[in-house]
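Notes to accompany the following structure.
The values are calculated or read from the model by the stated rules, or taken from the named source; none is laboratory data. Computed from a predicted model, the values in this text were never measured in an experiment. With ideal geometry, Cβ positions are generated from the backbone for all residues, glycine too; neighbour counts draw on all protein chains shown. Side chains are part of the model used for accessible areas, which takes the heavy atoms of the whole protein and leaves out ligands, DNA and RNA. Shrake-Rupley method; radii C 1.70, N 1.55, O 1.52, S 1.80 Å.
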Amino acid sequence: MIEILRKRRSIRKYRDKDIEPEIVELLKEAALRSPTSRNFRPWRFVFVENRGKLEALSKAKPSGSSFLAGARLGVVVCADEDESDVWIEDCSIASIILQLVGESLGLGSCWIQIRLRMHDDSQTSEEHIRAVLGLPESIRVESMIAFGYPDEEKAPIPAKELEREKILPS
Ligand SMILES: Cc1cc2nc3c(=O)[nH]c(=O)nc-3n(C[C@H](O)[C@H](O)[C@H](O)COP(=O)(O)O)c2cc1C
């Protein structure tokens, strides 16, 4: 796991290569194995592979989401907020687990922030995504994780660049 963390970087350019169904299945299993507060499992995951839908979802924000159009898979991480008061934490954990398992399977990925973001002056990014996917209003959208086989190389962050001062004295 530490080796995966050492080399993981956000990847926003993807090869023209489909993700095998068995890999998608492993990502689904990983999402569903994510721990949740009090084991309430408030999340819902929408696995989107349809190019037209990925294109529509890529317009969720004016910036920071367009690369989803070139991804081969987007996982929309959402939750029923009535099922847990800490759905945000639960969705965050599922999102990073998806990214780390994807990394372990050779996929590149990048988190796209949705909660608290705007699509335009009148519509939130969450509203845009609910409309694209036909989700009910009770479903809150935290993030979208874009996946694909990497078409860019990024150097790992060197150990000497880690901000050791962020570890406070005990
Ligand atoms: C909570 C969160 C929200 C993020 N939102 C976006 C986003 O909307 N668009 C994007 O391109 N990258 C997004 N990122 C990726 C970060 O920009 C990236 O992780 C950070 O710059 C560090 O780079 P690295 O992942 O390559 O180490 C997000 C990451 C996190 C953890």
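Taken together, I93, I97 contain a single residue that is within 14 Å of the ligand (Cβ to nearest atom), closer than 19 Å to I19 by Cβ and surrounded by fewer than 19 Cβ atoms within 10 Å (Cβ to Cβ), which is I97. Of the listed requirements (1) more than 18 Å from G134 (Cα to Cα); (2) part of a loop (DSSP other than H, G, I, E, B); (3) touching a Lys or Arg at 6+ places or on another chain (Cβ under 9 Å), A69 misses just one: (2).
Out of everything in segment 72-124 that is of a type in the set (S, T, N, Q) and in a helix (DSSP H, G or I), what residue ends up being farthest from L5 (Cα to Cα)?
Here the residue is S92.
Candidates in segment 11-42 are the residues that are open to solvent by less than 30 Å² (accessible area, probe 1.4 Å) and within 16 Å of the ligand (Cβ to nearest atom); of these, the one that is farthest from I139 (Cα to Cα) is Y14.
Looking at S104, S58, just one residue is at pLDDT 95 or above, closer than 26 Å to E153 by Cβ and touching a Leu at 6+ places or on another chain (Cβ under 6 Å), and that residue is S58. For A146, are the conditions met, namely being more than 22 Å from S63 (Cβ to Cβ), within 15 Å of the chain's Cα centre (by Cα) and of a type in the set (G, A, S)? Criteria not met by A146.
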